[in-house]
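Only one structure is covered here, and it is reproduced in the block below.
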Amino acid sequence: MKAALTIAGFVLMTLTVTAQKYIPTTNTLNGKVMFGYQGWHATPNDGSGNGVWRHYFGGGMPDAKNADFDVWPDMREYPEDVTEATNMHYPDGKPAKLYSAYKYGAVDLHFKWMQEHELDGVFEQRFLSDVRGGGGRRHFNQVVRNVQKASEKYQRVYCIMYDISGAGKNWKRDLVKDWMFLVDSLNVTNGKSYLHHNGKPLLAIWGLGFDHTIPFASVAQADSLIDWFHKNAPKKYQATIMGGINDTWMAHGDDWKAVYNKMDVISPWAVGRFGDEQGADRFRDRAIVPDKAYCDAHNVAYMPVIFPGFSWYNLRHGKSPFNQIPREYGTFYWRQSYNAIEAGVKMIYIAMFDEIDEGTAMYKAAPTAAERPAGEKFLSLDQDGVVLPSDWYLQLAQATSNVLRGNAKNVQYPTMPKDFQLNYRLYVMGLNINMPKNFIGTEKPDTENYSPRPDIGVLSSSVYKLTSNDNHVVVKLIFFATDTSKMKGLVGRWIYNKDNHQRIMNSLIDGKYLDKVGFNKFGILDSSRVNIFKPDELKKYNADDAGIADVPVTNPYKGIYHKLKVLYMYKKGRGEVYSYYYYNDDAALRKYLNETRYMLRYND
């Protein structure tokens, strides 16, 4: 329960992130948190000529019945020209679209998010089985070009990670040939953003020593391949080798151990090896601690894998549970991050950035059901009962990075960032705020159940409090997202009604219990008691209705403030905001009202 309560109030930062100063180095993997980047999603008309919904719908029609993925991406920021409509629709009736990584604009956006969250970069996945054929090769070569361009633009790092799953008996020949092509034709290792380690370009090879690859990728082939990259290849093809290996590698025979000892970095796979925080603790004791000790003794760098959750219900056509390993709103991920860093690791691999097929994607995903297709079985971030912003897991990755870099303490339950509730309410309701300079803001709600008069009801909803530096005026912002399903389940008894804000204002002035206020009686505002703003003034709020009124006070706020003025603003489809001004001095109120009365405005 402690974890749930803490994380629920954790990292809900603003989605408007300013440019960051952190720029990762390109000469070492040490101190870095890297994502796996699939880049395999494609749409039929993306210009590749492939005509497929790659890793979306398995060759079928673009609907939920044929879906091969579980996590629905947050599509609101993608450029229009990188998206294509499916046969599904959002709850508001708009077509549900998906992006193609073949289009540069999609990859550009991904790396922009990495820069905004001060993240290092990616292991660009390259499946040998995919790059053999013309269509797959065309797609993934373009994705490499996109990653090169975007990583240089946003000053992030990347390196190639081959996956030999399903590659067959010619895997070694194909891998060497493709690497030579990338070096010679795409010039990857000479790019400004390509990651190096131990003085050479870093190349990761995932799948050595797994049960499903050993039949075609023998220990002798693996051994000779590492030797080729280390010393036998022409110098321009030589590389530092990272091996993505099985978590059971410590139990393998001496022949495979000799191969692992030759690797410069090893990264044992962890996805699906446990399913809750207790399992993560057991995995730490069984794998992470002994693995690191072995690697330290053999002068091999150790890079553990952590992941946010797992679900491949659609990929397996309903044969596996939906939301198989719940994310638990970030607590599952954070326990792994905490454990790895406590064990003393110097680098971390997060699986994955964009893996929606198996539900491990860390990038911006649909925050609520309102941002995924209506009535279909896809995961949004509120699946486990907590409303989260779409970049929640990018924020968690940033928190991991800050701890690993030594910029923050490794705490078991992270500290709630400033103003997370305010920023989320602004996001949900489509509001901008210009924070006043002469006020101190706090989200800690009052617990005294205050009401201005003993005989009226208390409005209870999301509260943000601003106190003037001289303590002469306190402003409470109360948000009611009554017009939007995004806040469904969190708005209590308040259900959208076009007269809701009018009833609330009349009730406050009249001093009657809100529950007893009749719909008809208070369906319009009393213009003799409320200064209802005219169209020119409404434009300043971009609101459909707004006004200000004095509210009688017989019960002083905090026992100090004897006067109350309430400014309300309402926009259909967004909801209502009430600004409660508690004060004593009329002159002080005029001063601070001038500063704050336009601080909130609905977006267009």
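Over the chain, what percent of the accessible surface lies on carbon and sulfur atoms, probe 1.4 Å?
50 percent
List the residues of region 97-126 whose backbone N lies under 12 Å from a point placed 7 Å from the Cα of Arg145 along the Cα-to-Cβ direction.
Taking a point 7 Å out along Cα→Cβ of Arg145, the residues of region 97-126 whose backbone N falls under 12 Å are 102-104.
Given Cα pairs under 8 Å that are at least 6 residues apart, what percent is the relative contact order of region 61-152?
It rounds to 24 percent for region 61-152.
With charges only on Cβ, +1 for K and R and -1 for D and E, what is the dipole size of the chain about its Cα centre, in debye, rounded to 20?
Roughly 760 debye, rounded to the nearest 20.
Could you tell me which of the pairs Lys32/Lys236; Lys153/Lys257; Lys153/Lys364; Lys534/Lys591 are separated by over 31 angstrom between their Cα atoms in the structure shown?
Those over the limit are Lys153/Lys257.
Working with all protein chains in place, sort His230, His110 by solvent-accessible area computed with a 1.4 Å probe, largest first.
His230, His110
Compute the distance in nm between two label points, each set 7 Å from the Cα along the Cα-to-Cβ direction, one at Arg76 and one at Gln221.
4.8 nm
Percentage of Cα-Cα pair distances in region 258-413 greater than 20 Å, rounded to whole percent?
Value for region 258-413 (Cα pairs over 20 Å): 51 percent.
Holding the Cα-Cα limit at 25 Å, pick out from Lys539/Lys572; Lys292/Lys409; Lys476/Lys540; Lys112/Lys540; Lys235/Lys346 the pairs that are longer than that.
Lys112/Lys540; Lys235/Lys346
Can you give the extra length, in nm with one decimal, that the chain gains between Asn603 and Asn87 once fully stretched, where that is 0.36 nm per residue apart less the Cα-Cα distance?
Length gained between Asn603 and Asn87: 182.8 nm.
Does region 184-322 come out rounded, prolate or oblate by the C-alpha gyration tensor, with a ≥ b ≥ c the root eigenvalues, rounded set by a/c under 1.5 and, if not, prolate when a/b is larger than b/c and oblate if not?
Taking the square roots of the gyration eigenvalues as a ≥ b ≥ c, region 184-322 is prolate.
With the other protein chains left in place, how much accessible area per residue, in square angstrom, belongs to region 237-364 at a 1.4 angstrom probe?
33 Å²
How do Ile205, Ile214 stack up against each other in accessible area, from largest to smallest, with a 1.4 angstrom probe?
Ile214, Ile205
With a length cut of 27 Å (Cα positions projected on each helix's long axis) and a Kyte-Doolittle mean of at least 0.5, go through the chain and give me the DSSP H helices that pass.
none
Hey, rough spin-label estimate for Ile214 and Arg529, points 7 angstrom out along Cα→Cβ, what's it come to in nanometres?
8.1 nm
Just want to confirm a number: the relative contact order over region 241-309, from Cα pairs under 8 angstrom separated by 6+ residues, in percent.
Across region 241-309, relative contact order equals 38 percent.
Take Thr442 and His230, extend 7 Å from each Cα along the Cα→Cβ direction, and tell me the distance between the two endpoints in nm.
Each label point lies 7 Å from its Cα, and together they span 6.1 nm.
Rounded to the nearest whole Å², what accessible area per residue is found for region 58-116 with the 1.4 Å probe?
I get 39 Å² per residue for region 58-116.
Grab every C-alpha pair in the chain, bin the distances at 10 angstrom width from 0 up to the longest one, and report whole percents.
Calculated P(r), rounded to whole percents: 3, 15, 24, 22, 15, 10, 6, 3, 1, 0.
Over 10 Å intervals from 0, what percent of Cα-Cα pairs in region 60-180 sits in each interval?
Per 10 Å bin, starting at 0, the Cα pair percentages come out as 12, 34, 34, 18, 2, 0.
Kindly report, to the nearest 10 Å², the accessible surface of Tyr581 as traced by a 1.4 Å probe over protein heavy atoms only.
0 Å²
Students sometimes get this wrong: rank Arg529, Arg503 by accessible area, probe 1.4 Å, all chains present, largest first.
If we order Arg529, Arg503 from most to least accessible, we get Arg529, Arg503.
The values are calculated or read from the model by the stated rules, or taken from the named source; none is laboratory data. Remember, it's a predicted structure, so these values are computed and weren't measured experimentally. Virtual Cβ from ideal backbone geometry, glycine too; neighbours counted across all protein chains shown. SASA here: full protein model, heavy atoms, side chains in, ligands and nucleic acids out. Shrake-Rupley method; radii C 1.70, N 1.55, O 1.52, S 1.80 Å.
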